[in-house]
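Here, each number is a calculation from the coordinates, and none is a lab measurement. Keep in mind that what you see is a predicted model, and the values were worked out from it rather than measured. Cβ coordinates were reconstructed from backbone atoms using ideal geometry, including for glycine residues, and neighbour counts include every protein chain displayed.
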């Protein structure tokens, strides 16, 4: 059988934190002696070859005889590659937007010192300690354990990435959902899982509710304690119950992934097409149209045009000031940071990443969260629409009777909707451009004109 | 699915990324949620409800509190006038009868009634909406806007996902199914895919538009009329939408085709004394007379049973007579709703009359008794038509064909 060198090369970190492949001659020799003899499968399927090797190594280690520690070392080497791969996949999927690299993740989980005699338990060994070959392939298991590593999770959550724990997932799954979430189970198997989940709920939920009430805020769900496990399934060894619960959680996780793929709203907003929300007003019936006198109409239209831009300016200023002040209250200078980011985005056309660098935020996601672009535009639109409506109605009353006004209100609103919508759509489309954005849209132009005065207003206030 | 866990490879599809509408709950929000949940639990245990709903209640409480915080995070302050997490049932018996019911989470913002639907860690492709069985009408049982809020309990975050308007719900689910859900108090499963209103859009509604009640009433009325037609079709009666009953014919002692088809029965003239057999109508008229309500001698009436699916619910009688006024000649329609023979009218039954545009008369029976009837009277120009509706206590509305008054010369 052709062996991959992963069984005797370990991925480690230098003292400077750099990734480095460390060769283990002891392991290499041992592998060459004991593993070469293993028969390869005919179709040279790497996976089943791997399985054979791992099973052999695992059994040698479990047997606890002489050289079992070498067998363990081989597994530790192989696992280090798995663990490193998980880190780099995580970084490649989210690193750019959430502001981290593989190099930052590795120190959290690559804690194997490579010595044959262990003085502590590195992650690789804890993976192996809880491994059950009859349940899953080793790489799958290693993947699961690494992804659920508390340090990885803490690191990710700090940057806004949340991975739900098995225990929270089980908490939130009602027993009635199981049949739908796990189709293809036999009635007996389903019944078993339902019983297990019900018992879990009775114990774990109860304790968590108490926790919430006592400390106010919830903290990360921890694995159930032995005491809890015994309460959940008296008569079974806690380790077995824990395993069963983990398995159930894992299956539910798969189901969750599938469901969320069909729900675009659950993805990060960057991933979806940016549609500007719009006002839906009933279509007015055109039958009411009467001709007003020509001169009056001209004056009305002129006033309307003046109001149109003036109220947009006012709305932009009001909303920007409000956001900035709100931010300042929560954290000094965050308001000014917000206004800078707004300026850099709309008026200088920088990308999110560039803005993050310029204003000292650690990730694109933080800039997105700060700017709340879509909500900002929406609130400007709402403010603007309401203002415009009021002003137009007030003006209209100078030309037409109130009774008449109420009959054409719907028409008016429809017109205003269209006009404001056009400006907002233009703004939305422009915001989609990721970099070298040009401030051509009316919205951006008015915003950029107003920002300096908003900034000085915010700076001036105590 | 096999027992061996599928290799999820290295992909992190189970990560929950930060969405623009994810809210990190502040202490105040968490405190508010805890308070809501505790109150709801206390009420539930007072009613000896089944335990085990505390978790769902806790999630709903977090959803409401989180949504409120999200509302407040913008520039425009929106007044939240009412927040509730309560079982819509009043008694332990009700609660026991509907074990599936968890407290409904509602908010009132401006003129909007919002229903908050909490979604936990195990995302679902459907949500459950519970309609309030104690609401006055079935329209009142439905919120103006339903919002799905994902609750990330473990990390004290919520994410506002999407909304669904009442008229969209009506259109997609249908009035009949909604009415059924309301009477049975069973939760209604609604696909998440129906919820296509983005969170920012919700803000726009709350900021700029009043809930379009009139429009919804129209949609509901059309939906109800379709239901009525469906009922009629099932009970073997011909569906008659377009026909108008010409009540003026009654003055001539005749029933027109429409009335005949609807099995209206012409009543004998009021002033006819010494009738061999007293019927229930006479008794009713006597009762009305005792109360000072006298129909003019020229009035002619007709009556008809109102049935649903072949079962007689009540009887309706209508009298008409012409009225001379200073301008155009007008006519009066006097309506009387009585029980079916040997029964009494149920409390909560309503009689409603509409003209072309709006409701012009409405009577509700407050208390049932053997002498209780509903009656009302409307008057209009002779080319006007009136639509009469009977609303049953459970909210189901039966609309009769319009009454018109074209003088037969």
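Going by the alpha-carbon gyration tensor, a ≥ b ≥ c the square roots of its eigenvalues, is the range A:62-174 rounded (a/c under 1.5) or, if a/c is not under 1.5, prolate (a/b greater than b/c) versus oblate?
oblate
On C-alpha positions alone, give me the angle between the axis of helix A:402-431 and the longest principal axis of chain A, in degrees, nearest 10.
The helix A:402-431 is inclined about 40 degrees to chain A.
Simple spin-label model, 7 Å along Cα-to-Cβ: residue A:16 to residue A:461 in nm?
For the pair residue A:16/residue A:461, the computed spacing is 5.0 nm.
I need to check one value: relative contact order of the range A:298-460, counting alpha carbon pairs closer than 8 Å and at least 6 residues apart, in percent.
36
Evaluate peptide A:160-173: per residue, the Cβ atoms of other protein chains within 10 Å of its Cβ; return the mean as an integer.
Per residue, the average neighbour count from other chains is 6.
Can you order the peptides A:159-167, A:47-55 by their average number of other Cβ atoms within 10 Å per residue, highest first?
Listed from highest to lowest mean packing, they are A:159-167, A:47-55.
How many partner chain Cβ atoms sit within 10 Å of a residue's Cβ in peptide A:78-90, on average, as a whole number?
That works out to 1 on average.
Expressed as a whole number of Å, what is the distance separating the alpha-carbon centroids of the range A:405-459 and the range A:157-218?
Value for the Cα centre distance between the two parts: 46 Å.
Over chain A, what is the relative contact order in percent, taking alpha-carbon pairs closer than 8 angstrom and at least six residues apart?
Taking the mean separation of contacting Cα pairs over the length of chain A, I get 13 percent.
Indicate the gyration tensor shape class of the range B:22-211 (rounded, prolate or oblate), computed on the Cα atoms with a ≥ b ≥ c the square roots of the eigenvalues: a/c under 1.5 is rounded; otherwise a/b larger than b/c is prolate and the rest oblate.
Oblate is the answer for the range B:22-211, as a/c is 1.5 or above yet b/c matches or exceeds a/b.
In Å³ and rounded to a whole number, note down the convex hull volume per residue for the Cα atoms of chain A.
Looking at chain A, the number lands at 254 Å³ per residue.
Per-residue Cβ counts within 10 Å, from other chains only, averaged over A:135-147: what number is that?
Neighbouring Cβ atoms belonging to other protein chains average 3 per residue here.
Where does chain A land at 222 nm, in deg cm²/dmol rounded to the nearest 500, when only DSSP H runs of n ≥ 4 count, each adding -39500 (n - 2.57), divided by all residues?
For chain A, the value works out to -20000 deg cm²/dmol.
Taking a ≥ b ≥ c as the square roots of the eigenvalues of the Cα gyration tensor of the range A:346-462, is the shape rounded (a/c under 1.5), prolate (a/b larger than b/c) or oblate?
It comes out prolate by the Cα gyration axes.
Sort B:109, B:265 so the one with the fewest other Cβ atoms within 10 Å of its own Cβ comes first.
Ascending number of Cβ neighbours within 10 Å: B:265, B:109.
Most exposed first by the Cβ proxy, i.e. fewest other Cβ within 10 Å, how do B:306, B:202 rank?
B:306, B:202
Give the peptides B:320-330, B:61-71, A:339-349 in descending order of average Cβ contacts within 10 Å, highest first.
Taking the mean over residues of other Cβ atoms within 10 Å, the ranking is B:61-71, A:339-349, B:320-330.
Given the convex hull over the Cα atoms of the range A:122-257, what projected area results after averaging over all orientations, in nm²?
Orientation-averaged projected area of the Cα hull: 9.4 nm².
Could you give the length gained by full extension between residue A:179 and residue A:406, i.e. 0.36 nm per residue of separation minus their alpha carbon distance, to one decimal place?
Extra length from residue A:179 to residue A:406 when fully extended: 76.2 nm.
Would you mind getting me the FRET efficiency between residue A:214 and residue A:348? Use the beta-carbon distance for r and R0 = 56 Å, nearest 0.05.
0.70
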